[in-house]
Amino acid sequence: MLHVLNGDALASTFPASIPGRIAIVREALVDGPVKSDSTEELWVIRERFLTMNYPEASREDYFTQVVPEFEKIMTATSGTEVYLWFEYDLFCQVNLWFTVHLLKKHKGPVFLVSPTTDLIEGFGGMKEVQLEQAYRDAKPLTANERHVLADMWKIYQKEDISEALTLSHQTMPEIPYLYPAVVAWKESIAHGDYPGKPKAALKKIAAELGTDDFGKIFRAFHIKHAIYGYGDLQVKRLWEELKSGEQAQQSKRA
């Protein structure tokens, strides 16, 4: 039995009473480049991006702390039951798509464990007894669900939002959580002078609160736009890009 947990926060509260090994997805594939011809090439692309954009990341960290966890998933034996602990926000969904892609050839059963809380709290809002119940209530993914979720990763890599919208809409009865995440992805894409919904939302929140205090802005963003599921690091990068762009425009006008 293998439990795939989306992040260290869940791992830190994961009940010891639940049997099985643990693999932690320590990635934010929703942020940055993912186009690659192989999994090995993806590791290199991701390590480079994270090191450049998140100074606290390092080559050693990625190849010693991130890749080995994915390798646990890729090398799961055919008889292993795999439990995927992922939420419904875009951040979690993109990581889920990639994880199911890695399990494409896995012959054993795969289950999805979902939080009983809302998008804002997720697994973090659940007590140990609730996490234990969520494990018992895990939903086995059908062959079609696994196929669709794995395909979503390839579609995401191609940045084919039109195909993603079509597929997620067609499968709404079977996978109801997929379409809202894809819509959030679509709305996050910048076009023309529009920076994408996350950045536009940050700008609006800052104006409404009358502050540049990132902590206050992040908390409001997390509540109002929980569908994105971005962590403080991702939101801070968007905020800094937004501020940098505004400063560049002001310099041009000066």
Requested in this report: Give the number of residues within the range 32-50 that are more than 14 Å from Val67 (Cβ to Cβ) and acidic (Asp, Glu).
Outcome: 1
Query raised in the report: Hey, does the range 74-81 have a residue that's buried (at least 18 other Cβ atoms within 10 Å of the Cβ) and closer than 30 Å to Lys186 by Cβ?
Result: no
Query raised in the report: over 26 Å from Ala11 (Cα atoms) and touching a residue at least 60 places away in the same chain (Cβ under 8 Å), is that true of Ser188?
Result: yes
Query raised in the report: Could you say whether any residue in the range 51-74 is of a type outside the set (A, V, I, L, M, F, W, C), under 21 Å from Tyr228 (Cα atoms) and touching a helix residue (DSSP H, G or I) at 6+ places or on another chain (Cβ under 9 Å)?
Result: yes
Report summary line: Of (1) in contact (Cβ under 8 Å) with a residue 24 or more places away in the chain; (2) in contact with a His (Cβ under 9 Å, 6 or more places away or on another chain), Asp232 satisfies every one except (1)
Report task. Write out, first by first residue and then by second, each pair whose Cβ atoms fall under 7 Å of each other, whose residues are 6+ apart or on separate chains, and whose first residue, in the range 83-110, is not assigned by TED's automatic domain parsing to the domain that holds Lys154 while the second is part of a helix (DSSP H, G or I). Result -> none
Query raised in the report: Looking at (1) within 16 Å of the chain's Cα centre (by Cα); (2) aliphatic (A, V, I, L, M); (3) modelled with pLDDT of 95 or more, which is the only condition Leu119 fails?
Result: (3)
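It is to be established whether one or more residues within the range 138-149 are in contact with a strand residue (DSSP E or B) (Cβ under 7 Å, 6 or more places away or on another chain), surrounded by fewer than 14 Cβ atoms within 10 Å (Cβ to Cβ) and of a type outside the set (Val, Ile, Thr).
yes
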**Report entry** Matching helices (runs of 4 or more DSSP H) fully within the range 190-254 where at least 2 residues are farther than 29 Å from Phe86 by Cα and at pLDDT 95 or above
**Finding:** 197-209
Report summary line: So, first residue surrounded by 11 or more Cβ atoms within 10 Å (Cβ to Cβ) in the range 192-218, second residue of a type in the set (Lys, Arg), Cβ within less than 6 Å, six or more apart or across chains; the pairs are Leu209/Lys216
Query raised in the report: of a type in the set (Val, Ile, Thr), under 20 Å from Lys154 (Cα atoms), surrounded by 18 or more Cβ atoms within 10 Å (Cβ to Cβ) and touching a residue at least 40 places away in the same chain (Cβ under 8 Å), is that true of Val66?
Result: no
Query - Of residues in the range 1-32 being part of a loop (DSSP other than H, G, I, E, B) and touching a Phe, Trp or Tyr at 6+ places or on another chain (Cβ under 6 Å), the one nearest to Phe86 (Cα to Cα) - result: Asn6
Query raised in the report: Among the residues of the range 22-45, which ones are in contact with a helix residue (DSSP H, G or I) (Cβ under 9 Å, 6 or more places away or on another chain) and either among the polar types (S, T, N, Q) or closer than 15 Å to Val113 by Cβ (or both)?
Result: Ile22, Ala23, Ile24, Val25, Ser36, Thr39
Report task. Could you tell me whether the range 167-185 includes any residue that is surrounded by 14 or more Cβ atoms within 10 Å (Cβ to Cβ), farther than 30 Å from Leu112 by Cβ and either modelled with pLDDT of 95 or more or of a type in the set (S, T, N, Q) (or both)? Result -> no
Report task. For the range 1-13, enumerate the residues that are closer than 21 Å to Gly108 by Cβ and either of a type in the set (Asp, Glu) or crowded, with 21+ Cβ neighbours inside 10 Å (or both). Result -> Leu2, His3, Val4, Leu5, Asn6
Query raised in the report: Within the range 5-28, can one find any residue that is of a type in the set (Phe, Trp, Tyr) and either free of Cβ contacts under 8 Å to residues at least 60 places away in the same chain or not assigned by TED's automatic domain parsing to the domain that holds Phe70 (or both)?
Result: no
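The values are calculated or read from the model by the stated rules, or taken from the named source; none is laboratory data. The structure presented is a predicted model; accordingly, all values stated were derived computationally and were not measured. No Cβ is skipped: glycine too gets one built from the backbone with ideal geometry, and neighbour counts run over all protein chains shown.
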